[in-house]
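Please read the structure below before turning to the comments.
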Amino acid sequence: MSRFAQPQDDAFRALNASIGFDWRLGPYDVAQSRAHVRMLAERGIVTGEDRDTLLSALDDVERELDEGRFPFREDDEDVHMAIERRVTEIAGPAGGRLHTARSRNDQVATDVAMFVRAHALQARERLEALMATLADLAERHLDWPMPGYTHLQRAQPVYVSHHLLAYFWMFDRDRERFGDVLRGADRLPLGAGALAGVNFATDRRALAAELGFSAVAENSIDAVSNRDFVLDFLAAAATCATHLSRLGAEVVLWSSEEFGFCEVSDAFASGSSIMPQKKNPDAAELLRAKAPRIAGHLVALHGVLHGLPLTYNKDMQEDKEHLFDAADTLELCLVAARGMLEGIALRRERLAAASGDEFLAATDVADLLVRKGVPFRESHGVVAGLVRSALESGRSLSALSREELAAHHPALDDDFYAVLGEGAWLESKVSEGGTALVRVREQLELARSRLP
Ligand code: ARG
């Protein structure tokens, strides 16, 4: 019997069905159904015989899903109904007992939480691999000077290792964020039923233990309404993708002849269909471009959930495509970023030439005067005057004469020329977290200790 006298309209069916994408939840749905059936038998809600029949049918379904031969049907609305339908085909009447003491509302929340947990772990693993690659790359370019930038203007020289390790710490924070995602998704929704709990004395704690959750959701209404863990995952993914986009953007800039700081390997570049000389850093460009897509998924889900009355609403079916695409996109980007960095060739001469620009020592000259007792604000002005004189006469700072220096400030003596000596402006940055080699070595060691 059905409550409905009319068949579903085709347009409604197409709008309503989620099987086209939620089939990906199949393995989680099978795992939670197994746990559910065992618990039902344990509590005497189904017989041991029915349990065995159902478990064996679930094994078959798992194999069919695995091998890509699960017989989906035109009228399967979603993965939960498809699996229950198939279990019943295989198990016979016992199949009709699978959905005892369960609703699709607690079921789907549980599948999605399991998906989020699995993919947060996956993101963490891939982040760790990328972080290890960054640490290796930093070690190989430990004492290579390069210009550091603000406003994309050369600012102060730093070591390439120091610059690369900046990304290491961004990704370390991302890894922490995915750890928080795991913690936020560790309450089991299953057992909440449609919204109010179920009419059987189920054992939710046993379910939680079997499915790897550390506790059960405290409130059945919250349990079926909650998608915070999806928002958390999308937020962590969006921030991580933003970090990857900054890395990508730098590699794009650095690959241009104008910078000439690096060349990506052929394995991560493509040519032009018309210009035979071109080698384009497409991987880096796409890393740059994927971030807004993931941030868009986060914004979209906030839009879906905001203002929704409790409890489950069909709107919530819209969580999945955003989640799946964000997970797929991020996982691919993390692997590609790692591969791109593993094969990248940095160009020592170009980096050194750009960092040898003496104007990058302007702060160091100002600090020289500070050490001689001049207040920093005043010395800043004195050095600005020196820079201006040099620029106006088309010379470098060290080409200014003793007399010119003295005219700018009486405390400017031969130490001025010593400060401009090579390397001095990097090795003087000895503050904790600074670019002096001792500090970078210390930092690299700290970074290594963060890796498994
Ligand atoms: N396909 C649905 C979703 O993804 C499953 C839950 C349906 N629940 C319901 N009461 N119609 O949200």
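Only the coordinates and a few stated rules stand behind these numbers; no lab work does. These figures come from a predicted structure and were not determined experimentally. Methodologically, a virtual Cβ is constructed for each residue, glycine included, from the backbone with ideal geometry; neighbour enumeration extends over all protein chains shown.
Using the Cα centre as the reference, give the magnitude of the dipole from point charges on the C-beta atoms of the chain (Lys, Arg: +1; Asp, Glu: -1; all else neutral), rounded to the nearest 20 debye.
Values: 51 positive and 71 negative charges, 95 e Å.
Here the chain has a charge dipole of around 460 debye.
If you add up the charges near Asp76, with Lys and Arg at +1 and Asp and Glu at -1, over every other residue whose beta carbon is less than 11 angstrom from its beta carbon, what do you get?
That works out to -2.
How much length is gained on full extension from Arg377 to Ala215, taking 0.36 nm per residue of separation minus their Cα-Cα distance? Write out the running numbers ahead of the final one.
Numbers: separation 162, 0.36 × 162 = 58.32 nm, distance 5.85 nm.
Difference between extended and current length: 52.5 nm.
Using only the alpha carbon atoms of region 186-232, find the Kirkwood hydrodynamic radius as the inverse mean reciprocal pair distance, in angstroms to one decimal. Spell out each step's value before the answer.
On the way: mean 1/r = 0.0922 Å⁻¹.
Radius from the Kirkwood sum: 10.8 Å.
Can you compute the FRET efficiency between Thr47 and Ser449 using 1/(1 + (r/R0)^6), with r the Cβ-Cβ distance and R0 = 56 Å? Round to the nearest 0.05.
Working: r = 55 Å, r/R0 = 0.98.
Efficiency, rounded to the nearest 0.05: 0.55.
Just to verify a number: FRET efficiency for Asp266 and Arg69, C-beta to C-beta distance, R0 = 30 Å, to 0.05? Before the final figure, lay out the partial values.
On the way: r = 39 Å, r/R0 = 1.31.
Computed FRET efficiency for Asp266 and Arg69 comes out at 0.15.
Once you have all Cα-Cα distances for region 128-275, histogram them in 10 Å bins from zero and send the whole-percent values.
With a bin width of 10 Å, the distribution comes to 9, 26, 22, 16, 13, 11, 3, 0.
For region 416-421, what does the Karplus curve 6.51 cos²θ - 1.76 cosθ + 1.60, with θ = phi - 60°, yield as ³J(HN,Hα) per residue in whole Hz, taken in order and with x for Gly and Pro?
3, 5, 5, 4, 7, x
Of the trypsin sites (Lys or Arg not before Pro) in region 183-283, which ones lie in a loop per DSSP and count no more than 12 other C-beta atoms within 10 Å?
Values: sites: Arg183, Arg187, Arg204, Arg205, Arg227, Arg246, Lys278, Lys279; in loops: Arg227, Lys278, Lys279.
Taking region 183-283 and a limit of 12 other Cβ atoms within 10 Å, the loop trypsin sites (Lys or Arg not before Pro) found are Lys278.
So for region 329-419, taking the charge dipole from beta-carbon charges (+1 Lys/Arg, -1 Asp/Glu), which of Val365, Ala411, Val335 sits furthest toward the positive end?
Checked the options; the winner is Val335.
What does the net charge come to around Arg350 if you take all other residues with beta carbon closer than 11 Å to its beta carbon, with K and R at +1 and D and E at -1? Could you put the intermediate results ahead of the total?
Working: positive: Arg347, Arg348; negative: Glu257, Glu258, Glu263, Glu349.
Result for the local shell: -2.
With no solvent and one equal point scatterer per Cα, compute the Debye intensity ratio I(q)/I(0) for region 1-81 at 0.26 Å⁻¹ and report its log10, rounded to two decimals.
-1.14
What do you get when you divide the Cα radius of gyration of region 111-192 by 2.2 N^0.38 Å, with N the number of residues? All intermediate terms of the calculation are to be shown ahead of the outcome.
Numbers: Rg = 18.2 Å, N = 82, 2.2 N^0.38 = 11.7 Å.
With N residues counted in region 111-192, Rg over 2.2 N^0.38 Å equals 1.55.
Determine, at each q value in 0.05 (inverse angstroms), the log₁₀ of I(q)/I(0) that the Debye formula gives when each Cα of the chain is one equal point scatterer.
Here log10 of I(q) over I(0) equals -0.31.
Find, among the GluC sites (Glu not before Pro) in region 218-268, those assigned to loop by DSSP (not H, G, I, E, B) with at most 13 other beta-carbon atoms within 10 angstrom.
Details: sites: Glu218, Glu250, Glu257, Glu258, Glu263; in loops: Glu218, Glu257, Glu258.
Qualifying residues, ordered by number: Glu218, Glu257, Glu258.
With 10 angstrom as the radius, rank Leu305, Leu391, Leu234 by how many other C-beta atoms surround their C-beta, starting from the fewest. Please report the intermediate quantities before stating the final value.
Values: Leu305 19, Leu391 12, Leu234 28.
With the fewest neighbours first, Leu305, Leu391, Leu234 line up as Leu391, Leu305, Leu234.
At 0.36 nm per residue, minus the direct Cα-Cα distance, what do His151 and Ser273 gain on full extension? Give it in nm, one decimal, please. Before the final figure, lay out each step's value.
Numbers: separation 122, 0.36 × 122 = 43.92 nm, distance 3.41 nm.
Taking 0.36 nm per residue and subtracting the Cα distance, the gain is 40.5 nm.
Fewest to most neighbouring Cβ within 10 Å: what's the order for His151, His302, His119, His408?
Working: His151 6, His302 12, His119 21, His408 18.
Fewest-to-most Cβ neighbours within 10 Å comes out as His151, His302, His408, His119.
Percent relative contact order of region 133-278, based on C-alpha pairs within less than 8 angstrom and at least six residues apart? Display every interim value, and only then the final one.
Numbers: 138 pairs, mean separation 24.7, N = 146.
In percent, rounded to a whole number, it is 17.
Given a Förster distance of 30 angstrom, what is the FRET efficiency for Ala201 paired with Arg24, based on the Cβ-Cβ distance and rounded to 0.05?
Details: r = 33 Å, r/R0 = 1.10.
The computed FRET efficiency comes out at 0.35.
Provide the convex hull volume over Cα atoms per residue for region 239-396, in Å³.
Values: hull volume 36.8 nm³, N = 158.
With only Cα atoms used, region 239-396 gives 233 Å³ per residue.
For region 364-419, what's the radius of gyration and Dmax over Cα atoms, in angstrom?
Final numbers for Rg and Dmax: 10.3, 30 Å.
Run lengths n ≥ 4 of DSSP H only: what is the helix-derived mean residue ellipticity at 222 nm for the chain, with -39500 (n - 2.57) per run over all residues, to the nearest 500? Before the final figure, lay out the partial values.
Details: 19 runs with 276 residues, N = 452.
Calculated at 222 nm, the ellipticity per residue is -20000 deg cm²/dmol.
Volume per residue, Å³, of the convex hull around the alpha-carbon atoms of region 188-267? Could the numbers behind the result be given before it?
Numbers: hull volume 11.3 nm³, N = 80.
Taking the convex hull of the Cα positions in region 188-267, it is 141 Å³ per residue.
If every alpha-carbon in region 326-452 counts as one equal scatterer, what log10 I(q)/I(0) does Debye give at q = 0.13, 0.15, 0.21 1/Å?
-0.71, -0.83, -1.24
In percent, how large is the relative contact order of the chain, given Cα pairs closer than 8 Å and 6 or more residues apart? It would help to have the intermediate numbers written out before the result.
Working: 613 pairs, mean separation 70.0, N = 452.
That works out to 15 percent.
Please give the net charge around Asp52, taking every other residue with its beta carbon less than 14 angstrom from that of Asp52, where Lys and Arg add +1 and Asp and Glu add -1. Don't skip to the answer; put the middle values down first.
On the way: positive: Arg34, Arg38, Arg51, Arg97; negative: Glu42, Glu49, Asp50, Asp59, Asp60.
That sum, taken over residues with Cβ under 14 Å, equals -1.
Counting other beta carbons within 10 Å of each Cβ, put Leu244, Leu121, Leu15, Leu360 in order, fewest first. Mind dumping the intermediate values first?
Values: Leu244 27, Leu121 14, Leu15 9, Leu360 21.
The most exposed by this proxy come first: Leu15, Leu121, Leu360, Leu244.
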